[in-house]
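Read the structure below first, then the notes.
Each reported figure results from applying straightforward, stated rules to the coordinates on display, with no laboratory input. Computed from a predicted structure; not experimentally measured. FYI the Cβ positions are ideal-geometry reconstructions off the backbone, even for glycines, and counts take in every protein chain you see.
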Amino acid sequence: MNNAVTLTPDALLVEPTGLDRMWSFTRRLTIPLAHVRGATIDPDAAAEPKGLRHPGLAVPGKWAGTFTKDGDTSFWNVSGRRSGHRRTIVVQLDQEKYQRLYLTVADPRGTVDAINAAITRRT
Amino acid sequence: MVGMGRPRSFDEHAVLAAATTAFTDLGYEATSVDDLLRATGLHRGSLYQAFGSKRGLFLAALRAHLPDPADPSGSARPGATAHRPSSGAADADDVVLLDLLLVAVLELAPRDDQVRALITRALADHGAPDAAALLLGRRLLARAHIDPAQPSREDPAP
């Protein structure tokens, strides 16, 4: 597991775990649910060009930190080679520093369903 | 509801039509984001920017095909025909909507309150409680090339 994703009644919390906390230079992201537009299981996203790295790490199979591409700023914390890439989810945001989060999580299906259900309840 | 970000630079109708074909051919879960990018011609970032998620794209496709409740003719969009449950054969638009509904009922509605509510409303608008169930059931069998009126006499040779 690279990222612990939890939901409060009002926010989505993303906490890179272990060494990923250091590579990504991020202790915790707190996103108000009102700024979360949706979550998707997207294993193929790990194969996309990531763009330019700001602070962060890019070594084969592992991307952590802030990347910009085509004017979009994204937070990446994806690793584990194939097994990790298969567990990649994408969270689209609005009115935030990051337009998009690319995260390896332990349970992609459960995490994506929980995020989408949480934002649906608010609308 | 949150804003929709940058203005769109694509033909939304064409994108939704292409996504609909992918979803109805492969099913919801089996359609990957890469499948949707190939079908729609969108880049990954544009797809997420426009629809928020794969689920958001599916919902947009479903809404585009559902009859507009504000439109007394029941048309889903200009040029689309209203449903005629009494007529025997469903037309092409009806078949696409029924296939989308089948995918939604089978794969999303069991664990998605919003999709379930949307479908429940759409079926309620359809008239007699059993009319929609009959249409969906008939389409499910027709999709599988099964004609209950003509049971095959013999099994295919092993």
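Net charge near A:LYS50: determine it from the other residues with C-beta under 12 Å of the C-beta of A:LYS50, scoring Lys and Arg +1 and Asp and Glu -1. After counting each charged neighbour, the total is +2.
Going from the fewest other Cβ atoms within 10 Å to the most, the residues B:ARG139, A:ARG121 appear in the order A:ARG121, B:ARG139. Please check which bits of segment A:28-51 a label hung off A:ARG121 would reach, taking the label as a point 7 Å along Cα-to-C-beta and the cut-off as backbone N under 17 Å. Correct set: A:31-39.
In chain A, the longest principal axis of the Cα atoms and the axis of helix A:108-122 are about 40 degrees apart. Within the same chain, lysines fewer than 8 places from A:LYS97 are excluded, and of the rest, those with a Cα less than 17 Å from its Cα are A:LYS50, A:LYS69.
Which shape class, rounded, prolate or oblate, goes with segment A:43-107 when its Cα gyration tensor gives a ≥ b ≥ c as root eigenvalues, a/c under 1.5 marks rounded, and past that a/b bigger than b/c marks prolate?
Oblate, since a/c reaches 1.5 and b/c is not below a/b.
Computed extension length for B:ARG111-B:ALA30: 27.5 nm, one decimal, from 0.36 nm per residue of separation with the Cα-Cα distance subtracted. Pull out a ≥ b ≥ c, the square roots of the eigenvalues of the alpha-carbon gyration tensor of segment A:83-123, then state rounded if a/c is under 1.5, prolate if not and a/b is larger than b/c, and oblate in the remaining case. Oblate, since a/c reaches 1.5 and b/c is not below a/b.
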